[in-house]
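The values are calculated or read from the model by the stated rules, or taken from the named source; none is laboratory data. Note that the structure is a prediction, hence the values are computed from the model and not measured. FYI the Cβ positions are ideal-geometry reconstructions off the backbone, even for glycines, and counts take in every protein chain you see. Surface areas here come from the heavy atoms of the whole protein model, side chains and all, with no ligands, DNA or RNA. Shrake-Rupley method; radii C 1.70, N 1.55, O 1.52, S 1.80 Å.
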Amino acid sequence: MLAWKVLVAPLMVHLCREYLPRAAAVTTVGGEIAKLYRRDFGVEAEVMRNAPPYVDLAPSPIDGDRIRLVHSGGAVPGRNIEGMIDAFKRLDRRFSLDLYLVTASPSDRYLTALRERAADDARIRFHDAVTPAALPRTLNAYDVGVYWMPPVHTNARLALPNKLFDFVQARLAVAIGPTLEMANLVREHDLGVVSGDYSVDSCVRTLESLDGPDIARWKANADRAARALSFERDADVARGIAARLLGA
């Protein structure tokens, strides 16, 4: 983090200040980051969320009292997967946790450390990553997509990651931390629960509050929101930009 602030961030700021005003069009993945472009560089950025195409799925049924948690994404330090594991291990036997993690290699040290951290709980299962196109149908077998990434830098604080949209296309309920853009979207569409903070205690309290009827309602809400929260909506932005630049 220090190396980024000292060596990389000044270059990124210089590039943005020098070249963004020259761009015919600028896009970013969320409204809050667009506000930063306007404030810091005087540039109006259009929002194109990192959402996948619409997938025609139905919510999977609730399986008795079981609550099947799932997380997909990069096995990257800073994304707090270890905190997710620690929180999960304090939950009762209703819960399971499946992880679909992308990593540079099977011998990746962070992934190895995660496996070791989870080794004493057979309810935590690690899976090979699947392709983005296959991800919604793979995740559809679960109940709740989980993600708590602390705001360790601006991108994390304002993140609106593709995994949230993957959870929606998979017709899952979601349990997330209070990351601003994500929390706003979850509350707007009533997709799940937002913890008070990113601590293990807060994550545990949030997950312990889950029950079957609420999860079923949130999964149904994800189904209703799936088309609005797919790339089809953001493709309209791309088409508008292309038409404007081509003079159509």
Notebook entry, point to check: All but one of (1) more than 13 Å from the chain's Cα centre (by Cα); (2) open to solvent by less than 40 Å² (accessible area, probe 1.4 Å); (3) in contact (Cβ under 8 Å) with a residue 24 or more places away in the chain hold for Ala235; which doesn't?
Noted result: (3)
Notebook entry, point to check: If you take the residues in segment 92-114 that are hydrophobic (A, V, I, L, M, F, W, C) and closer than 17 Å to Gly73 by Cα, which one is most open to solvent (accessible area, probe 1.4 Å)?
Noted result: Ala104
Next item on the list: Within segment 135-157, count every residue that is in contact with a Ser or Thr (Cβ under 8 Å, 6 or more places away or on another chain), farther than 17 Å from Asn50 by Cβ and open to solvent by less than 10 Å² (accessible area, probe 1.4 Å).
Entry: 2
Check: Ala133 versus (1) in a loop (DSSP other than H, G, I, E, B); (2) modelled with pLDDT of 95 or more; (3) of a type outside the set (D, E, K, R): which is the lone unmet condition?
Finding: (2)
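Quick one: which residue in Gly247, Gly212, Gly196, Gly177 is closer than 21 Å to Glu32 by Cα, surrounded by fewer than 21 Cβ atoms within 10 Å (Cβ to Cβ) and not charged (D, E, K, R)? Quick ask: steps written out before the conclusion?
Working: Gly247 fails: closer than 21 Å to Glu32 by Cα; Gly212 fails: closer than 21 Å to Glu32 by Cα; Gly177 fails: surrounded by fewer than 21 Cβ atoms within 10 Å (Cβ to Cβ).
Only one candidate qualifies: Gly196.
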Notebook entry, point to check: Do we have any residue at all in segment 192-210 that's under 18 Å from Gln169 (Cα atoms) and charged (D, E, K, R)?
Noted result: no
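Per-residue answers, yes or no, for (1) among the polar types (S, T, N, Q); (2) open to solvent by 80 Å² or more (accessible area, probe 1.4 Å); (3) not in a helix (DSSP H, G or I):
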{"residue": "Ala87", "(1), (2), (3)": "no, no, no"}
{"residue": "Arg90", "(1), (2), (3)": "no, yes, yes"}
{"residue": "Glu116", "(1), (2), (3)": "no, yes, no"}
{"residue": "Ala122", "(1), (2), (3)": "no, yes, yes"}
{"residue": "Arg125", "(1), (2), (3)": "no, yes, yes"}
{"residue": "Ala159", "(1), (2), (3)": "no, no, yes"}
{"residue": "Lys163", "(1), (2), (3)": "no, no, no"}
Margin query: Of everything in segment 66-77, what is open to solvent by less than 40 Å² (accessible area, probe 1.4 Å) and either of a type in the set (Val, Ile, Thr) or not in a strand (DSSP E or B) (or both)? Give them in sequence order.
Written below: Ile67, Val70, Ala75
Checklist line | Verdict on Val193 being in contact with a helix residue (DSSP H, G or I) (Cβ under 8 Å, 6 or more places away or on another chain) and either free of Cβ contacts under 8 Å to residues at least 12 places away in the same chain or not in a loop (DSSP other than H, G, I, E, B) (or both) | finding: yes
Check: Residues in segment 100-113: is at least one at pLDDT 95 or above and in a helix (DSSP H, G or I)?
Finding: no
Check: Between residues in segment 112-132 that are under 16 Å from Val70 (Cβ atoms) and residues that are surrounded by 14 or more Cβ atoms within 10 Å (Cβ to Cβ) and small (Gly, Ala, Ser), which pairs lie under 6 Å by C-beta distance while being six or more apart or on different chains?
Finding: Arg123/Ser96; Ile124/Ala118
